[in-house]
Amino acid sequence: MTKIRAAITGIGAYVPEYILKNDELAKMVDTSDEWIMTRIGIKERHILKTPGKGTSHMGAKAVQDLLKRTNTSADEIDLLICTTVTPDMLFPATANIISDKVGIKNAFSFDINAGCSGFLYGLSTASQFVEAGKYKKVIVVGADKMSSIVNYTDRSTCPIFGDGAGAVLLEPSSNEHGIIDFINQVDGSGRKHLHQKAGGSKKPPTHETIDAQEHYVYQEGQTVFKFAVSKMADISLEVMKRNNLSIEDLDWLAPHQANMRIIEATGRRMAISTDKVMVNIEKFGNTTDATIPLLLNDYESKLKKGDNIIITTFGAGFTWGALYLKWGYNTPE
Ligand code: UT7
C-alpha cells in the first residue's frame, strides 16, 4: 500500500504594520544600529501596537490569508494547531480563538508550546494526523506577540524579538512529496537559561513580580547561542544521514531565525553553501513560532516541486529538532 504523506500545500502570513527600527531602539536603550547589525543581524521588526489585540489577531490574519491563497473554505478544515509562547490568555487555547475568528467549526484545535521549536513540533504533530488517514486538511499556525513579554529597558533582549504569524496547510499526498522524516528533542534542564520567571502557576503574577520585572523574557544569551548552533546543525545532519541525503542533495536549509551569527555558524558546521540557507531575520527579527512559516512564505516563489528541504529549530525548553520534507508544489506565476 502506498504510504500517505503530509504535504504542505499552501502558506499564509501576517505581520503587523508598525515597524520598530534599530534607530528607534537606540533612543530607548543604550545600543546602536551598528551593534545590532553586527551581533544579531536584525534591521527592523514588526510590532503589534493596537490596544486589545493579541496573538490570535495575527494568527487569524495568517489563517485567513492561507484560506484565501489555497481557495479553501473554513468548513473544510479538520484540525488547527496553534504554536505560541504568548497565548492571548492562559486558557482557553489561542487555537480555539483563531478557529472562532476565521469560522472553523467542523474541527478540533489545540495549542503547542515548545519555545522557538513550536512550529516544528506543530508541523510534525500535524503530519501524524494526516498520515493516519482520517484528517484531510490540517492547519498549523505559528504566532507570537513577543512584544508583550519583552522588556524594552533591557538592551540584551529587546533588539532580538518581533511579532508576527504564519500558517501552512497540510494535506495527504500519496506520492513522494511531503514530510519524510523528523527528529524532535528536549532537554528540560535547559529551562534555567531561557524562561519567564512569573505569571504561571508556580509564581502567579503579583505587584511584587511585576515590580521585579519577572513577567519578561529571561535569557542567558551566550549559553543559548552555543546550544542553538550545535543542536540545530547536528540534528539536521542526523536526519539527513538516516535518509541518505547528502549536503549536495539538499536544496534548502530553513533554520529558526534567532540571530544571523547563529544561522551562519549552523551553516558552516553543516558545510552547506550560504545560497541554500533561507534568511529573512533582517526584516522580522526573532518572531519565535512564526519564523519558519514567515521564511517559507518569503521563499515560496523560489521553491520547486521535489526540492529537498530541512527545517531546523532551537528554543526554550530546551527544545530542538529537524524535519526533512520534499516540497509539494510549484508556485503559480
Ligand atoms: O530563539 C532562541 C532564543 N534566543 C537566541 O537564540 C539568542 C541567542 N543569543 C544571542 O543571540 C546573543 O547571545 C545575544 C544577541 C543575546 C547577545 O550577543 P553576544 O554577542 O552574546 O553579547 P554578550 O551578551 O556577550 O554581550 C557583549 C557586550 C556586553 O558588554 P560588556 O559586558 O562586554 O561591556 C553587553 O552588555 O555587549 C553588550 N550588549 C550590548 N551593547 C550594545 C548587550 N546587548 C547590547 C546591545 N547594544 N543591544
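The values are calculated or read from the model by the stated rules, or taken from the named source; none is laboratory data. All figures in this text were calculated on a predicted structure; none of them were measured in a lab. As a convention, Cβ positions derive from the backbone with ideal geometry for all residues, glycine included, and neighbour counts pool all protein chains shown. Calculation scope for accessible area: heavy atoms of the full protein, side chains included, ligands and nucleic acids excluded. Shrake-Rupley method; radii C 1.70, N 1.55, O 1.52, S 1.80 Å.
Data for the structure
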{"item": "Residue 27 paired with residue 128, simple spin-label distance in nm, labels 7 Å along Cα-to-beta-carbon", "result": "4.9"}
{"item": "Total charge dipole magnitude, segment 5-176, about the Cα centre, Cβ charges on Lys, Arg, Asp, Glu only, Debye to nearest 20", "result": "220"}
{"item": "Heavy-atom surface of segment 1-85, accessible at 1.4 Å and reported per residue (Å²)", "result": "48"}
{"item": "Table column - 3J(HN,Hα) (Hz), segment 295-307, Karplus curve with 6.51, -1.76, 1.60, x for Gly and Pro", "result": "5, 4, 5, 5, 9, 3, 5, 8, 7, 10, 3, x, 4"}
{"item": "Spin-label pair residue 152/residue 38, simplified geometry with 7 Å Cα→Cβ offset, distance in nm", "result": "2.7"}
{"item": "Total lysine pairs under 19 Å (Cα atoms) in segment 237-333, excluding pairs fewer than 8 apart on one chain", "result": "10"}
{"item": "Gaussian network model of the chain, Cα within-10 Å springs - most flexible of 267, 54, 199", "result": "199"}
{"item": "Nonlocal amide H pairs with residue 10, under 5 Å, H built at 1.01 Å", "result": "169"}
{"item": "Sparse-neighbourhood loop sites, GluC sites (Glu not before Pro) in segment 1-35 - DSSP loop, at most 13 other Cβ within 10 angstrom", "result": "17"}
{"item": "Where Cα atoms sit under 20 Å apart: lysine pairs in segment 5-176 separated by 8 or more or lying on different chains", "result": "25"}
{"item": "Cα-projected label distance for residue 243 with residue 176, points at 7 Å along beta-carbon direction, nm", "result": "1.2"}
{"item": "Sparsely packed GluC sites (Glu not before Pro) within segment 151-240, loop by DSSP, other Cβ within 10 Å at most 14", "result": "176, 220"}
{"item": "Karplus-derived HN-Hα couplings along segment 28-42 (A = 6.51, B = -1.76, C = 1.60, θ = phi - 60°), whole Hz, x at Gly and Pro", "result": "8, 9, 7, 8, 8, 4, 4, 5, 5, 5, 6, 8, 10, x, 10"}
{"item": "Hz values of 3J(HN,Hα) by residue in segment 173-187 - Karplus curve (6.51, -1.76, 1.60), Gly and Pro given as x", "result": "9, 9, 9, 7, 7, x, 6, 9, 6, 7, 10, 10, 9, 9, 9"}
{"item": "Paramagnetic label zone (point 7 Å from Cα along Cα-to-C-beta, residue 68; backbone N under 18 Å) in segment 160-192", "result": "164-169"}
{"item": "Spherically averaged projected area in nm², based on the convex hull that wraps the Cα atoms of the chain", "result": "16.7"}
{"item": "Solvent-accessible area, 1.4 Å probe, carbon plus sulfur percent, for the chain", "result": "51"}
